[in-house]
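A.B. asks: Here it is, the structure in full.
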Amino acid sequence: MVDRTRGKLVVISAPSGAGKTTLVHGLLAREPKLRFSISYTTRPQRPTEVDRQDYFFVDEAQFERMREDGAFLESARVFDHWYGTSRAHVEELLDNGYSVLMEIDWQGAEQIRAAEPRAIGIFILPPSRAELERRLRGRATDDEQVIARRLADAVSDMGHWCDFDYVVINDNVEAAVEELVRILEGTGEAHRVSAPGTAARAERVLSGPAADAG
Ligand code: 5GP
């Protein structure tokens, strides 16, 4: 599919509330040859977001046309909206000598890694389920029903950590960014899904108690 003899393809997935966006910004600041892949989405633009910088915001008809034209390396429906990675955008970045960071959900990650086995898949976990719930509740814009759905989706998403190459637990932003840098540099063996201790650490996060609703 993509000629990627030069740059790397890096796929980062996480449940919402894991703090992924902060880590992605931290990683991009550390890696000048790494560029963020700007996805297409049918989700409405949030007030804080900039079109063509955070996402290319399009309507369902345009997204569907692009999908039929094979414009996406992967696409998936997440939280009732479509998201897709632009083939042309990724190819352009690779042609210009950059590595590409895709911040996409686990379904998209699966598609990328099936087509491009050399892509590096990294799953980010929150420090605990209780902390995940606190973070999701901290988003004042969401009502209780939305929070409950996001939490259930996040818990179900977390079950996919073992389908990735690496897992990073975000209990400290600086340390987690450092771990991501090491993974990209090829010295992150300790964070491999198959490394001793990784499964136990991930299971501790997944099986921990939920936060008090109070
Ligand atoms: P949000 O709407 O909160 O920005 O993102 C919701 C979810 O969609 C996140 O899990 C995010 O990683 C995922 N996502 C963003 N862009 C893409 C994409 O291009 N493809 C896929 N499969 N998921 C995406």
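A.B. asks: How about region 55-85: which of its residues are outside any strand (DSSP E or B), closer than 24 Å to V10 by Cα and more than 10 Å from the ligand (Cβ to nearest atom)? So that I can check it myself, show each step before the final result.
C.D. replies: The first filter runs over region 55-85 and keeps only residues outside any strand (DSSP E or B), leaving 58-71, 79-80.
With the extra rule that they be closer than 24 Å to V10 by Cα, the set shrinks to 63, 66-67, 70-71, 79.
If the condition is that a residue be outside any strand (DSSP E or B), closer than 24 Å to V10 by Cα and more than 10 Å from the ligand (Cβ to nearest atom), then F63, M66, R67, G70, A71 are the ones that fit.
A.B. asks: I need every pair where a residue in region 131-145 that is under 15 Å from P209 (Cα atoms) has its Cβ under 7 Å from the Cβ of a residue that is at pLDDT 85 or above and assigned to a helix (DSSP H, G or I), sequence separation at least 6 or different chains.
C.D. replies: That search, which allows pairs on different chains as well, returns L132/A154; E133/L151.
A.B. asks: Mind listing just one residue for me: the one in region 5-36 that is small (G, A, S) and in a loop (DSSP other than H, G, I, E, B) and, of those, farthest from P127 (Cα to Cα)? Reasoning before the result, please.
C.D. replies: Taking region 5-36 first, the residues small (G, A, S) are 7, 13-14, 16-19, 26, 29.
Next cut, in a loop (DSSP other than H, G, I, E, B) only: 7, 14, 16-19.
Details: G7: 31, A14: 12, S16: 13, G17: 10, A18: 8, G19: 10 Å.
Restricting to residues being small (G, A, S) and in a loop (DSSP other than H, G, I, E, B), the top hit is G7.
A.B. asks: Now, a different point. Of all residues in region 1-54 being β-branched (V, I, T) and farther than 22 Å from A88 by Cα, which is nearest to the ligand (Cβ to nearest atom)?
C.D. replies: T21
A.B. asks: If I ask for residues that are open to solvent by 50 Å² or more (accessible area, probe 1.4 Å) and small (G, A, S), which ones from region 64-105 would you list?
C.D. replies: A88
A.B. asks: Among the residues of region 184-194, which ones are aliphatic (A, V, I, L, M), out of contact with any helix residue (DSSP H, G or I) (no Cβ under 6 Å at 6 or more places or on another chain) and either in contact (Cβ under 8 Å) with a residue 40 or more places away in the chain or surrounded by 14 or more Cβ atoms within 10 Å (Cβ to Cβ) (or both)?
C.D. replies: Correct list: L184 only.
A.B. asks: So, one more: Taking region 106-115 only, how many residues are more than 7 Å from the ligand (Cβ to nearest atom) and open to solvent by less than 30 Å² (accessible area, probe 1.4 Å)?
C.D. replies: In the first step, residues of region 106-115 are kept if they are more than 7 Å from the ligand (Cβ to nearest atom); the result is 106, 109-115.
Imposing the further condition that a residue be open to solvent by less than 30 Å² (accessible area, probe 1.4 Å) reduces the set to 109, 112.
Final tally of qualifying residues: 2.
A.B. asks: Which ranges mark the helices (runs of 4 or more DSSP H) fully within region 143-214 that have 3 or more residues being aliphatic (A, V, I, L, M) and at pLDDT 95 or above? Break it down stepwise before answering.
C.D. replies: Values: elements: 144-158, 173-185, 198-207.
Once the helices (runs of 4 or more DSSP H) in region 143-214 are filtered for at least 3 residues that are aliphatic (A, V, I, L, M) and at pLDDT 95 or above, what remains is 173-185.
A.B. asks: Can you tell me which residues in region 109-130 are in contact (Cβ under 8 Å) with a residue 60 or more places away in the chain and outside any loop (DSSP other than H, G, I, E, B)? Reasoning before the result, please.
C.D. replies: Initially, region 109-130 is screened for residues in contact (Cβ under 8 Å) with a residue 60 or more places away in the chain, giving 109, 112-113, 115-116, 118-130.
If the condition is that a residue be in contact (Cβ under 8 Å) with a residue 60 or more places away in the chain and outside any loop (DSSP other than H, G, I, E, B), then A109, I112, R113, A115, I120, G121, I122, F123, I124, L125, R129, A130 are the ones that fit.
The values are calculated or read from the model by the stated rules, or taken from the named source; none is laboratory data. Treat the numbers as computed from the prediction; the structure is a model and nothing was measured. We place every Cβ from the backbone using ideal geometry, glycine too, and count neighbours over all the protein chains shown. Accessible surface areas use protein heavy atoms only, side chains included; no ligands, DNA or RNA. Shrake-Rupley method; radii C 1.70, N 1.55, O 1.52, S 1.80 Å.
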